[in-house]
Amino acid sequence: MESEQLKVALVQTNLVWEHPAENRQQLAKKIDAITETVDIIVLPEMFTSGFTMNPKAVAETMGGETIRWLKNTAKTKNVAITGSLVITENNNYYNRSVFVLPSGEVKTYDKKHTFTLAGEHKVYTAGTSKTIIDYKGWKICSLICYDLRFPVWARNVENYDVLLYVANWPKPRVNAWDALLKARAIENMSYCIGVNRVGLDANSNEYSGHSAAYDVLGEKLTNIPSNQEATEIVTLTKAHIATYRNKLKFLDDKDAFTLNS
């Protein structure tokens, strides 16, 4: 059933280093604290572990404890939940975004642009295809952190409504995070949501959050405080997208190209 509105909860949180059980426990409390009815709950990148280059310590399968917890929570709360975690499959490790529906169905996306600066490309297998999720009549493009720097990969050739990034984006480069989220919204004429973590990880990398949602004109819709844990709910509307796409028609003039992965 198509919905005119989509209510999204952005969960900006600290993460316990390489401790999936404790992270699930903390996130369960944050999810339970959401009393308003929402359609989607968004968690950060690698929400069970932090941005670790030691996947063997935290990797799970698609039938593992975290996926079971997400399915149970999504069903109990009647809400979709998304974020990324370390998955092992076919003798490879993936930084995989999962989008878990209340029905128990799981949509996945493997991060294409592995973060070479941290050596992510050496331990994680890169994805090769985008995933467009159809949920309540909304088309959602789910990407991960470093993907934000590559506009060609995010280009709205699928006519999606929401571009969604989950991240562990460090404080020293947070100005780029702010600028690029806004740019992706404007150039793709879609809502753009980014959920980043806060706190300090075991490698002394500091994260300042700056989780946010932008509309198709690049107007910021959220007011999430920096450097602290917070949850904010934003309401997206189909009418907003239709009004400005019909009025401005910028997507009609986009360049045609073929992308070779």
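Each value in this text was obtained by applying a stated rule to the coordinates, not by laboratory testing. The model shown is predicted, which means the values in this text are computed figures rather than measured ones. Cβ coordinates were reconstructed from backbone atoms using ideal geometry, including for glycine residues, and neighbour counts include every protein chain displayed.
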Could you check, for the stretch 165-186, whether at least one of its residues is within 16 Å of the chain's Cα centre (by Cα), among the charged types (D, E, K, R), part of a loop (DSSP other than H, G, I, E, B) and farther than 19 Å from Leu251 by Cβ? no
I need every pair where a residue in the stretch 201-221 that is over 18 Å from Cys145 (Cβ atoms) has its Cβ under 7 Å from the Cβ of a residue that is part of a strand (DSSP E or B) and not hydrophobic (A, V, I, L, M, F, W, C), sequence separation at least 6 or different chains. Asp215/Tyr191; Val216/Tyr191; Lys220/Tyr214; Leu221/Tyr214
Please go through the stretch 214-236 and pick out each residue that is part of a strand (DSSP E or B) and farther than 16 Å from Thr13 by Cα. Tyr214, Lys220, Val234, Thr235, Leu236
When every residue in the stretch 210-239 that is more than 18 Å from Ile40 (Cα to Cα) and small (Gly, Ala, Ser) is compared, the one surrounded by the fewest Cβ atoms within 10 Å (Cβ to Cβ) is Ala239
How many residues are under 20 Å from Gly194 (Cα atoms) and either in a strand (DSSP E or B) or free of Cβ contacts under 8 Å to residues at least 24 places away in the same chain (or both) when one looks only at the stretch 1-34? 9
Return a yes/no flag: does the stretch 35-54 have any residue that is part of a helix (DSSP H, G or I), surrounded by fewer than 24 Cβ atoms within 10 Å (Cβ to Cβ) and more than 17 Å from the chain's Cα centre (by Cα). no
Of (1) touching a Phe, Trp or Tyr at 6+ places or on another chain (Cβ under 9 Å); (2) in a loop (DSSP other than H, G, I, E, B); (3) not small (Gly, Ala, Ser), Cys192 satisfies all except one. Which? (2)
Can you tell me which residues in the stretch 61-76 are farther than 16 Å from Tyr135 by Cα, in contact (Cβ under 8 Å) with a residue 24 or more places away in the chain and over 19 Å from the mean Cα position of the chain (by Cα)? Thr61, Glu65
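So, in the stretch 18-27, exactly how many residues are within 18 Å of Gln228 (Cα to Cα) and under 18 Å from the mean Cα position of the chain (by Cα)?
Of all residues in the stretch 18-27, those within 18 Å of Gln228 (Cα to Cα) come to 23, 26-27.
If we keep only those that are under 18 Å from the mean Cα position of the chain (by Cα) too, we end up with 23, 27.
Residues meeting the conditions: 2.
Can you pull out the residues in the stretch 241-251 that are without any contact (Cβ under 8 Å) to a residue 40 or more places away in the chain and either in a helix (DSSP H, G or I) or among the polar types (S, T, N, Q) (or both)? Walk me through how you get there before you give the answer.
Taking the stretch 241-251 first, the residues without any contact (Cβ under 8 Å) to a residue 40 or more places away in the chain are 242-243, 246-247, 249.
Result: Ala242, Thr243, Asn246, Lys247.
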Being over 18 Å from the mean Cα position of the chain (by Cα) and either in a loop (DSSP other than H, G, I, E, B) or surrounded by 13 or more Cβ atoms within 10 Å (Cβ to Cβ) (or both) is the requirement here; does Ser103 meet it? yes
Of the residues that make up the stretch 150-162, is at least one of a type in the set (Gly, Ala, Ser), in contact with a Leu (Cβ under 9 Å, 6 or more places away or on another chain), under 27 Å from Leu217 (Cα atoms) and without any contact (Cβ under 8 Å) to a residue 60 or more places away in the chain? yes
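Is one or more of the residues making up the stretch 67-84 closer than 18 Å to Ala118 by Cα, touching a strand residue (DSSP E or B) at 6+ places or on another chain (Cβ under 8 Å) and assigned to a strand (DSSP E or B)?
Step one: filter the stretch 67-84 for residues closer than 18 Å to Ala118 by Cα, giving 84.
Retained after the next criterion (residues that are touching a strand residue (DSSP E or B) at 6+ places or on another chain (Cβ under 8 Å)): 84.
Still in the list and also assigned to a strand (DSSP E or B): 84.
The answer is yes; a qualifying residue exists.
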